[in-house]
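Right, one structure below, let's go through it.
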Amino acid sequence: MVTPVNTSDRLKQLRELMSSNKYNIGAYVVPSEDAHQSEYVAACDERRPFISGFDGSAGCAVVTADQASMFTDGRYFLQARQQMDDNWTLMKWGIAGVPSWQEYVTDHLPA
């Protein structure tokens, strides 16, 4: 059995930055790709695995003030559930009724 990474402190620190007057960010999106949109990233660019614990090759994390959601496809449902702690909600791409991360952000932020 895989032991999930405890992301409580990481999420707390990120949310503190997000809510600060300096940034005032409603949602922080952490894709799998690096800054150059490369699918295969160097260890120093593995931001999504760091914040979530999930290290599958496909996924997108979205952190808001009160939720942390991981969007991934059917290849990674089991792996994501095993690697993420209870701070995270698994959003199963491809399942009826599950929004894309873009729809999710649009629906969860004020206009």
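Listing for the model above:
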quantity: Candidates 32, 20, 69: whichever shows maximal mean-square fluctuation once the chain is modelled as a Gaussian network with Cα springs under 10 Å; calculated: 20
quantity: Alpha carbon Rg of the chain, scaled by the compact-globule rule 2.2 N^0.38 Å; calculated: 1.04
quantity: Whole-Å distance, taken between Cα centres, linking the range 25-46 and the range 69-84; calculated: 17 Å
quantity: About the Cα centre, charge dipole magnitude for the chain (Lys/Arg +1, Asp/Glu -1 at Cβ), debye; calculated: 160 debye
quantity: Trypsin sites (Lys or Arg not before Pro) restricted to DSSP loop in the range 1-102 with at most 15 other C-beta within 10 Å; calculated: 22
quantity: Hz values of 3J(HN,Hα) by residue in the range 53-68 - Karplus curve (6.51, -1.76, 1.60), Gly and Pro given as x; calculated: x, 7, 10, x, 7, 10, x, 9, 9, 10, 10, 10, 4, 10, 9, 10
quantity: Residue of 68, 35, 80 that the Gaussian network model of the chain assigns the largest fluctuation, springs spanning Cα pairs under 10 Å; calculated: 35
quantity: Amide H contacts under 5 Å for residue 91, placed H, 5+ residues apart; calculated: 70, 71, 72
quantity: Among 98, 29, 62, residue whose mean-square fluctuation peaks in a GNM of the chain (springs only between Cα atoms under 10 Å); calculated: 98
quantity: Å² of accessible area per residue within the chain, as computed with a 1.4 Å probe and no ligands counted; calculated: 63 Å²
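The values are calculated or read from the model by the stated rules, or taken from the named source; none is laboratory data. Everything quoted here is computed from the prediction, not taken from an experiment. Virtual Cβ from ideal backbone geometry, glycine too; neighbours counted across all protein chains shown. Keep in mind that these areas ignore ligands, DNA and RNA; they rest on the heavy atoms of the full protein, side chains included. Shrake-Rupley method; radii C 1.70, N 1.55, O 1.52, S 1.80 Å.
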